[in-house]
Structure formats: C-alpha cells, structure tokens
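Every read-out reported here was derived from the displayed coordinates using simple, explicitly stated rules and does not represent laboratory data. Since the structure is predicted, the reported quantities are computational estimates derived from the model, not experimental observations. Note that we place each Cβ from the backbone using ideal geometry, even for glycine, and neighbour counts take in every protein chain shown.
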Amino acid sequence: QVQLVESGGGLVQPGGSLRLSCAASANIFSFDAMGWYRQAPGKQRELVAAITESSTNYADSVKGRFTISRDGVKNTLYLQMNSLKPEDTAVYYCNLHRYGLGADALEVWGQGTLVTVSS
C-alpha cells in the first residue's frame, strides 16, 4: 500500500512562506490526482489545491499565493505557500486519488502537518 508522509509545517508570521512536502512510499503515476487539503479547528476539511497531469486547481482563498507541484522522479508532492495569513492556520493533509477498477483504485491520506500563522 502507498503511504504519504507530509512535512514542512511549522510556525510562521503573517506574510511569511512555507513549503510543504508529501513523500510517497511508492511510485506516483502520471495519471494520479493529488491534492492538499486542510482542516482548521471547528471547520470542515477543505480542498486547498489539486493537481493532475494536465491541470491544477486552487481554492479561491489561496489563489495567487499557493502553488502546487509534483516531482514524478522523487514521488513527492509540494505546496509552496506564500503571503500566509492567520486564516491559513490548519492541519494540512496530502491526498492521492487513483482512478481505477477494483484493487487498482486508491484513496490515500497522509497523517497531516500543522501550519500555524501567527504574529
């Protein structure tokens, strides 16, 4: 089974930057969809950014500030977070969704990494 491990979270001041990483224990295929989700205290989990082989998609709240990317050679997903705001504070989760039939289909989540934006 594929495992995802996030890293890069921490405490940062408003306006600062962080780069989150999500390392996969097995190969990420070009047709896999991957994304970053976040969940703040008392709020629902929400999609922050997603990436496929042909497109990227961002939540309106992070457009222009966050950039999602992935490295197929390193089997790693990234989220570059710039101009961070206090409302970005949340646990960020990496997700992999593989469309397929039966055992070929996958839905995998990482354990999460905490991002705290505070002055």
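Assorted remarks:
- Within the chain: Cβ-based charge dipole about Cα centre, in debye rounded to nearest 20 (Lys, Arg +1; Asp, Glu -1): 260 debye
- Within the shell of other residues whose beta carbon sits under 11 angstrom from the beta carbon of residue 89, the net charge comes to +1, with Lys and Arg scored +1 and Asp and Glu -1.
- Relative contact order of the range 17-78, pairs being alpha-carbon contacts under 8 Å that are 6 or more residues apart, as %: 37 percent
- Here the simple spin-label model places points 7 Å from the Cα toward Cβ, and for residue 85 and residue 25 these points are separated by 3.7 nm.
- About the Cα centre, charge dipole magnitude for the range 51-119 (Lys/Arg +1, Asp/Glu -1 at Cβ), debye: 180 debye
- Fraction of beta bridges assigned by DSSP in the chain that are antiparallel (%, nearest 5): 95 percent
- Selected from 64, 49, 108, residue furthest toward positive end of dipole (the chain; charges at beta carbon): 64
- Selected from 18, 76, 94, residue furthest toward positive end of dipole (the chain; charges at beta carbon): 18
- Amide H contacts of residue 66 (H built 1.01 Å from N, under 5 Å, at least 5 apart or other chain): 82
- Sites residue 74 and residue 104 - FRET efficiency at Förster radius 30 Å, r taken between beta-carbons, to 0.05: 0.85
- Candidate aspartates and glutamates - alpha carbon under 15 Å from residue 43, same-chain residues fewer than 8 apart omitted: 87, 88
- A simple spin-label model places the labels of residue 17 and residue 5 2.6 nm from each other, with each point 7 Å out along Cα-to-Cβ.
- Other residues whose C-beta falls under 9 angstrom from the C-beta of residue 78 contribute a net charge of +1, scoring Lys and Arg +1 and Asp and Glu -1.
- Around residue 113: net Lys/Arg minus Asp/Glu count, Cβ-Cβ under 12 Å: +1
- Kirkwood's formula applied to the C-alpha pairs of the chain gives a hydrodynamic radius of 14.4 angstrom.
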